[in-house]
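Inspection log for the structure reproduced underneath, given as structure tokens.
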Amino acid sequence: MKPRSSPRIRSLIQLFEVIPEEERILVDILRQIILEQLPAYCQEKISYNVPFFYGNRGICIVWPSAIPRGGIKKGVLLGFWQGYRLPDEDQYLIHGTNKKIFYRIYQSPEDIDEAAIVKLLQEAIALDRSL
């Protein structure tokens, strides 16, 4: 018997229906920070069943742990697709096993450092513009 695959999420409404409230709050806060920083040429779409932000290439992704295949057991991951190319002078991001995507996992709204995220987003957007 084949393992049952998770349903394909096509909208934020569907995503918010399947994730727990604490993850929904974190996703919403992170999305708002990202959307405030993204220039007009960038877009958000649902990809891999989670919010994905891109311009010329992928910029970042917000992955709640309730969505399979994110590699985290609890919280919400904010990952930068070109994380390995960002200066990240404050060493805010975690350099896990993925060679390109660097990330940070949040367990509560109090964990979110908006200034650090904005700085990284500005670095990621500048990099995206150069690609």
Original post:
Once Cα Rg over 2.2 N^0.38 Å is worked out from the coordinates, which option in [x] 1.42; [y] 1.03; [z] 1.15 does it equal?
Top reply: [y]
Original post:
Hey, with R₀ at 35 Å, roughly what FRET efficiency would Asp111 and Asn56 work out to, going by the Cβ-Cβ distance, to 0.05?
Top reply: 0.70
**OP:** List every residue whose amide H lies under 5 Å from the amide H of Ser47, counting only residues 5 or more places away in sequence or on a different chain, with H placed 1.01 Å from N in the peptide plane.
**Re:** Phe52
**OP:** Can you tell me the FRET efficiency between Ile46 and Val118 if r is taken as the Cβ-Cβ distance and R0 is 22 Å, rounded to the nearest 0.05?
**Re:** 0.40
**OP:** Counting only C-alpha contacts under 8 Å and six or more residues apart, can you give the relative contact order of segment 1-67 as a whole percent?
**Re:** 32 percent
Original post:
Lysine pairs in the chain 8 or more apart or on different chains: how many have alpha carbons under 28 angstrom apart?
Top reply: 15
Original post:
When the label point is put 7 Å from the Cα of His95 along its Cα-to-beta-carbon vector, which residues of segment 47-63 have a backbone N closer than 14 Å?
Top reply: none
**OP:** Find the relative contact order for the chain and round it to a whole percent, using C-alpha pairs within less than 8 Å whose residues are 6+ positions apart.
**Re:** 22 percent
Original post:
Applying the Karplus parametrisation 6.51 cos²θ - 1.76 cosθ + 1.60 with θ = phi - 60° to the phi angles of segment 89-97, what ³J(HN,Hα) value in whole Hz is obtained for each residue in order, glycine and proline being reported as x?
Top reply: 4, 7, 6, 7, 8, 8, 9, x, 7
Original post:
Percent antiparallel among DSSP beta bridges with both residues in the chain, to the nearest 5?
Top reply: 100 percent
**OP:** Order these peptides, 12-21, 101-110, 74-83, by their mean beta-carbon neighbour count within 10 angstrom, highest first.
**Re:** 74-83, 101-110, 12-21
Original post:
Order of 37-47, 114-124 by packing, highest average Cβ count within 10 Å first?
Top reply: 114-124, 37-47
Subject >> Note, ³J(HN,Hα) from phi for segment 98-111, Karplus 6.51, -1.76, 1.60, rounded to Hz, x at Gly and Pro >> reply: 6, 6, 10, 7, 9, 8, 9, 10, 10, 9, 8, x, 5, 6
Original post:
Which residue, Asp28, Asp88, Asp113, tops the fluctuation ranking in a GNM of the chain built on C-alpha contacts under 10 Å?
Top reply: Asp113
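Read the figures in this text as sums done on the coordinates, not as results from a lab. As the structure is a prediction and not an experimental result, all values here were calculated from the model. Note that each Cβ is placed from the backbone with ideal geometry, even for glycine, and that neighbours are counted across all protein chains shown.
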